[in-house]
Amino acid sequence: MIEVLAKLGRGPVFLAGEVLECVITFTNPLSASSTSASSEMLAWASAQIHCQFHASENRVALPPSDGSKHDVQAENETVFVPNRGERGQCILSTPPKILFCDLRLDPGESKSYSYCETLPVDGPPSFRGQSVKYVYKLTIGCQRVNSPIKLLRVPFRVLVLHGLKDYQFPQDEAVAPSNPFLEEEEGLKKDSRLADLATELLMVATSRRSLHLYNISNTRGKVGTFCIFKTVYKIGEDVIGTFNFSEGDIPCLQFSVSLQTEESIQEEFQRRRGQPVSFTVHARHQESCLHTAQSSFSLPIPLSSTPGFTTNIVSLKWRLHFEFVTSGESAGTCLVRGSQSEAVTWTGLEQMEVDTFSWDLPIKVLPTNPILASYVSQFSSTNSITI
């Protein structure tokens, strides 16, 4: 029996273009209750990253793929197929790397190997939507002699930031800040600079603030104004907005604001022409606001959500969806005077004529620092299997 342990040192979330590093340890455990122990032998081990794409047959019409024939692999084959048994299509894969050949482990002995690979910049982000899914995995395959191949899959999440692909790093390494007490490999140094560049680009894009004012009106007149200071955010930030109903001619009884994503399939891949778009609500605020001059809301963008993106098959966009309930009467008739003689009592109307209308405000949501997103990731940094 051999235990295989794979550990992602920095966490299970990465930025496209970064270097993924995984330490893979093979151990022949020595049990205290075992009376006899012997050496274990592995023929080979290999590792490869792949992105698996799965689409809903009811919503997406895909052309036939020749890669489906590789989903089934005979037990006596020695060919390493990382996506064996996986649903969907493998749309992206890195070249396989051999970790070792003919490894012998004595009882209690272990050997560790480091796997490093740059994540492709032109790949899609990790996404689990209602119509399509993009799932990234690092698959480690190993085999005993005359035994079937065993696969250890390490799922991880990929964030994509547009603009990094065209960036050219300076040729003069002397101008780049460095620590003279640390020796860094060239790949890791570039990986660190890429993460720093992404953080800087995100900070610049999401820190710009300018006042955006919108008049809220229906067919009968003005209801109020809405104010928001920016429309570009990172996942993990809060979307904050304020309302001013004091200048409105039509009383607003209630409003709700929903933070939504809009998942749409490209026209050439739609199962039915003109099929509806899929919406997902990530946060919602609802408030009764009769006789309220000003109000506000704060909606958090979950760190586990996917920033907006577009591929040849699907498009994901973010928006704020507003719904307003307004009175068909004037503001003064929303209360009625009671029949008590000694004191004046005001009560609400039992019935009121109302109007409802909605409004959508597009916003842009970008990735965040992958280390921050790792804290709330559903994936584990450590995965293991026994063969």
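Every residue, every condition in (1) polar (S, T, N, Q); (2) within 23 Å of Val376 (Cβ to Cβ); (3) at pLDDT below 95, yes or no:
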residue: Thr231; (1), (2), (3): yes, no, yes
residue: Asn244; (1), (2), (3): yes, no, no
residue: Pro251; (1), (2), (3): no, no, yes
residue: Ser256; (1), (2), (3): yes, no, no
residue: Glu267; (1), (2), (3): no, no, yes
residue: Pro276; (1), (2), (3): no, no, yes
Q: Considering only residues that are loosely packed, with under 14 Cβ neighbours inside 10 Å and over 30 Å from Ser39 (Cβ atoms), look in the stretch 109-129 and name the one that is nearest to the chain's Cα centre (by Cα).
A: Arg128
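Restricting attention to strands (runs of 3 or more DSSP E) lying wholly within the stretch 224-327, give those where 1 or more residues are among the small types (Gly, Ala, Ser).
Because the criterion is at least 1 residues that are among the small types (Gly, Ala, Ser), the strands (runs of 3 or more DSSP E) in the stretch 224-327 that meet it are 238-244, 252-265, 278-288, 294-300, 314-327.
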Q: Scan the stretch 79-108 for residues that are over 21 Å from the mean Cα position of the chain (by Cα) and among the small types (Gly, Ala, Ser) and jot them down.
A: Gly85, Gly108
Q | Every residue from the stretch 272-289 that is open to solvent by less than 60 Å² (accessible area, probe 1.4 Å) and without any contact (Cβ under 8 Å) to a residue 60 or more places away in the chain | A | Val277, Ala283, His285, Glu287, Cys289
Q. Residue check, Ile216 against (1) crowded, with 16+ Cβ neighbours inside 10 Å; (2) in a loop (DSSP other than H, G, I, E, B), all met but one. Which one?
A. (2)
Q.
Looking for something in contact (Cβ under 8 Å) with a residue 60 or more places away in the chain, open to solvent by 20 Å² or more (accessible area, probe 1.4 Å), assigned by the TED database to the domain that holds Cys51 and not in a loop (DSSP other than H, G, I, E, B) - is there at least one such residue anywhere in the stretch 91-103?
A. yes
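Considering the stretch 130-143 alone, what residues qualify as being open to solvent by 20 Å² or more (accessible area, probe 1.4 Å) and closer than 19 Å to Leu8 by Cα?
Hits for the stretch 130-143 are Val135, Lys137.
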Q: Kindly provide the set of residues from the stretch 294-312 that are touching a strand residue (DSSP E or B) at 6+ places or on another chain (Cβ under 7 Å) and open to solvent by 50 Å² or more (accessible area, probe 1.4 Å), ordered by number.
A: Gln294, Ser296, Ser298, Pro300
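Residue-by-condition table, conditions (1) outside the structural domain of Gln378 (by the TED database); (2) at pLDDT below 95; (3) out of contact with any strand residue (DSSP E or B) (no Cβ under 8 Å at 6 or more places or on another chain):
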site	(1), (2), (3)
Lys7	no, no, no
Gly11	no, yes, yes
Leu15	no, yes, no
Ile24	no, no, no
Thr27	no, yes, no
Ser34	no, yes, yes
Met41	no, yes, no
Trp44	no, yes, no
Ala55	no, yes, no
Q. Do we have Ser295 as out of contact with any helix residue (DSSP H, G or I) (no Cβ under 8 Å at 6 or more places or on another chain) and at pLDDT 95 or above here?
A. yes
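Kindly indicate which of Thr261, Thr242, Thr231 is within 28 Å of the chain's Cα centre (by Cα), buried (at least 20 other Cβ atoms within 10 Å of the Cβ) and polar (S, T, N, Q). Don't jump to the end; show me each part of the working.
Values: Thr242 fails: buried (at least 20 other Cβ atoms within 10 Å of the Cβ); Thr231 fails: buried (at least 20 other Cβ atoms within 10 Å of the Cβ).
So the residue among Thr261, Thr242, Thr231 that is within 28 Å of the chain's Cα centre (by Cα), buried (at least 20 other Cβ atoms within 10 Å of the Cβ) and polar (S, T, N, Q) is Thr261.
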Q: From (1) modelled with pLDDT of 85 or more; (2) under 28 Å from Tyr375 (Cβ atoms); (3) among the basic types (Lys, Arg), pick out the condition that doesn't hold for Lys165.
A: (1)
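The values are calculated or read from the model by the stated rules, or taken from the named source; none is laboratory data. Owing to the predicted nature of the structure, the values given are computational and were not obtained by experimental measurement. For neighbour counting, all protein chains shown are included, and Cβ atoms are generated from backbone atoms with ideal geometry for every residue, glycine included. Note: accessible area is taken over every heavy atom of the protein model, side chains too, but ligands, DNA and RNA are not part of it. Shrake-Rupley method; radii C 1.70, N 1.55, O 1.52, S 1.80 Å.
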